[in-house]
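What follows is calculated from the coordinates using simple rules that are stated; it is not laboratory data. Remember, it's a predicted structure, so these values are computed and weren't measured experimentally. With ideal geometry, Cβ positions are generated from the backbone for all residues, glycine too; neighbour counts draw on all protein chains shown.
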Amino acid sequence: MAAMNLPDWGKAEAFDNVSGQVAIVGIGEADHSKASGRTTHDIAEQAIARAIADAGLKPGDVDGIMFGPGVGDQFDEKLYRERFGVEHELWVSHQGGGVVWAATAPYHAARAIREGKATTIVNVFSVAWATQRGSMTGGPGQFHAQEQFKANLEVPFGWFPQPVYFSTIARRHMGQYGTTPEQLGAIAVSARRHANRHPGAVMREKPLPLEEYLAKPMLADPLRVEDCCLISDGGAAYVMTSIERARDLPHTPAVVAGVGGGRTDSPYWSQQGDFTATPQVFSAPGAFAMAGVTPADVDILTLYDPFTIVTLMQIEDMGFCAKGEGGAFCEDQGLDFDGGALPTNTHGGMLSHAYVLGISHVVEVVHQLRGTAPNQVTDAEIGIYGGYSGHRASTLVLRRDR
Amino acid sequence: MKHPGFPLPDTSWEPTRGFWEGAAASELRIPRCDACGSLNWYPPPACRHCGGEALTWRAVSGRGQLFSWSHVTRALFKEYASKAPYIPGIVVLDEDPRVRLVTLLVDCNPEGLVVDEPVECVFRPLSFSEIEGEVIAPMFRPIQGG
Ligand SMILES: [Zn+2]
């Protein structure tokens, strides 16, 4: 891979070239909902069953499972055998699940398949945070309150939890680059419009015109509730296999063309080298290089979007526009599936589709490449998922098989 | 002293003890590398710039620039309810803008704040209605006519 000039406040992950070796052949989403009383295991089982059926396979065909044990109570290989009534051993990887891993799981799957450890691998992620919300002290912010530097240098000053971090980032971005509330609003409005037209979205019946967005009260100025992701119950899964095998299955394969990862040197938002950038700066170039594409080749983009400002910064940091011009780009060029220069989060993202931490973003890209998305981008061939978790980012480039 | 609990700091936790001791003495103190003189924040086990392992808490001027802030009108966690509205923010120090302190902005109208405007440190008591204990904390305010 060509040497790339990256800034000094983070690093790219070193990934072998796995381009073209595996494909996503099956996708399944569990029902997305507000508090539902379901467990993460029930949700995951539904998503996996749908993904396997979509691939034209049987539960017995799956011989590898990927999940992320660090987030909640995740479905694992033991549950897979119990719930799907299979006896065989499974190859197991904890490098799976949602967030950044929803993009990098195919990398680890490609290596396992190449090394003969498995032939057909499912990656799954589910949450029941809407159901669990009442019993969670601090909610998704709890983890941050327990970290000692945050607890002793940030929390006492009220700099906690996530809406405060990201409103501070958004304010700085506004001061540095002239980003406006209307530009952040353009991101929220486009995501909502996509969700309104998507049968699986939580925010299907709730339109959000820009005037209405601007009239909403601030949650943590300059962010409104509409700039923040949902809390919902749901999950998704996808099935991967070798490209040769993929071509014998019912759907057009979504070929894994490129994978990248990156991280910042500091795990603290407040201390990150470039406060108004994401580690996509380090992740995206490697993924684009592995895939042999440039941002101009991308037909459909999905981005981990806990807040509108994170969508905006990732668009800049992946090179779709110059740094600082993300606001104008989103407002003027547009993110809509029909007529936007860069169709983005065409299912509605975590802002309006479902809060399943990015795994539905990958499902959406596969739909787009197959031509089966509710908000279909005409003739989509190259699609991207950008994962983000503060000090880490990841990038997955998928290509419609020829 | 026993840690009074969230959201008050544990002033006895070793890596940040010097910061809170300084605040109690109305001084803003930051770890400085004995070898190369660099300020280091957050407090590291060794200097980020030269690797030197001897760091000493040193008082700084308390002057800096307003890097960014958030204006919270309704508390985002219940312990902060009695403080709302509040303006958590980040200040960079005049001595070295790589030092970014998380703080509370005080004595100001949030509508009038400007990114990068000059600010100065003031020491104020920090306590929460349902939680026993109080600390003196470094907060910042715009320098009038700065
Ligand atoms: Zn040093």
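Key figures
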quantity	calculated
Nonlocal amide H pairs with B:S26, under 5 Å, H built at 1.01 Å	none
C-alpha center-to-center spacing [the stretch A:359-386, the stretch B:58-99] in angstrom	41 Å
Cα gyration tensor shape of the stretch A:114-214, rounded if a/c is under 1.5, else prolate or oblate by comparing a/b with b/c	oblate
For the stretch A:374-383, 3J(HN,Hα) per residue [Karplus equation, 6.51 cos²θ - 1.76 cosθ + 1.60, θ = phi - 60°, Hz, x = Gly/Pro]	x, 10, 6, 7, 4, 6, 6, 10, 10, x
Shielding of B:7-16 by partner chains, average beta-carbon count, 10 Å	4
Local electrostatic count at B:E21 - Lys and Arg +1, Asp and Glu -1, tallied over other residues with Cβ under 12 Å	0
Placed amide H near B:S68: partners under 5 Å, 5+ positions off or other chain	B:I90
Contour excess over end-to-end distance, with Cα ends at A:E115 and A:K323 and 0.36 nm allotted per residue	70.9 nm
Residue-averaged 222 nm ellipticity for the protein assembly as shown, from DSSP H runs of 4+ at -39500 (n - 2.57), nearest 500	-7500 deg cm²/dmol
Leading residue at positive end of dipole, chain A (Cβ point charges), from A:A51, A:L90, A:G185	A:L90
Dipole-positive endmost among A:L249, B:P7, B:N109 within the protein assembly as shown (Cβ charges, Cα centre)	B:P7
FRET efficiency, 1/(1 + (r/R0)^6) with R0 45 Å, evaluated for A:K58 and B:R98 via beta carbons	0.20
³J(HN,Hα) computed for each position of the stretch B:122-134 - Karplus, 6.51 cos²θ - 1.76 cosθ + 1.60, integer Hz, glycine/proline x	10, 9, 9, x, 10, 8, 10, 4, 9, 10, 6, x, 7
Degrees separating the helix A:359-370 axis from the principal Cα axis of chain A, which is the longest one	70 degrees
Size of electric dipole in the stretch B:61-146: Cβ of Lys, Arg +1 and of Asp, Glu -1, about Cα centre, debye, nearest 20	180 debye
Net length gained if the chain between A:N17 and A:R81 were fully extended (0.36 nm per residue, minus Cα distance)	19.8 nm
Nearest-20 debye value, the protein assembly as shown charge dipole, Cβ charges on Lys, Arg, Asp, Glu	380 debye
Per-pair calculated FRET efficiency, R0 = 60 Å: B:I143 and A:D332 via Cβ, rounded to 0.05	0.95
Gained length - B:S129 relative to B:A46, 0.36 nm times residue gap less alpha-carbon distance	26.1 nm
Modelled FRET efficiency - R0 25 Å, B:A84 with A:E211, Cβ distances, 0.05 increments	0.35
Partnerless cysteines, meaning none of the other Cys C-beta atoms lie under 4.7 Å away, in the protein assembly as shown	A:C228, A:C229, A:C321, A:C330, B:C108, B:C121
Neighbouring partner chain Cβ atoms per residue of A:160-170, average, 10 Å criterion	4
Chain A: angle of helix A:101-114 to the longest principal axis, Cα-based, in degrees nearest 10	30 degrees
B:A54 versus A:D297: modelled label distance in nm, points set 7 Å from Cα along the beta carbon direction	5.6 nm
Cα shape, the stretch A:196-299, gyration tensor, a/c 1.5 rule	oblate
Pairwise centroid distance, computed over Cα atoms, of the stretch A:224-300 with the stretch A:31-48, Å	24 Å
Shape category assigned to chain A from the gyration tensor of Cα positions, a/c cut at 1.5	rounded
Residue-by-residue Karplus 3J(HN,Hα) for the stretch A:212-226, coefficients 6.51, -1.76, 1.60, Hz, glycine and proline x	5, 3, 5, 7, 6, x, 6, 8, 9, 3, x, 9, 9, 4, 5
Nearest-ten-degree value, helix A:181-196 long axis tilted from longest Cα axis of chain A	30 degrees
Simple spin-label estimate for A:R197 and A:V225 in nanometres, 7 Å along Cα-Cβ	2.6 nm
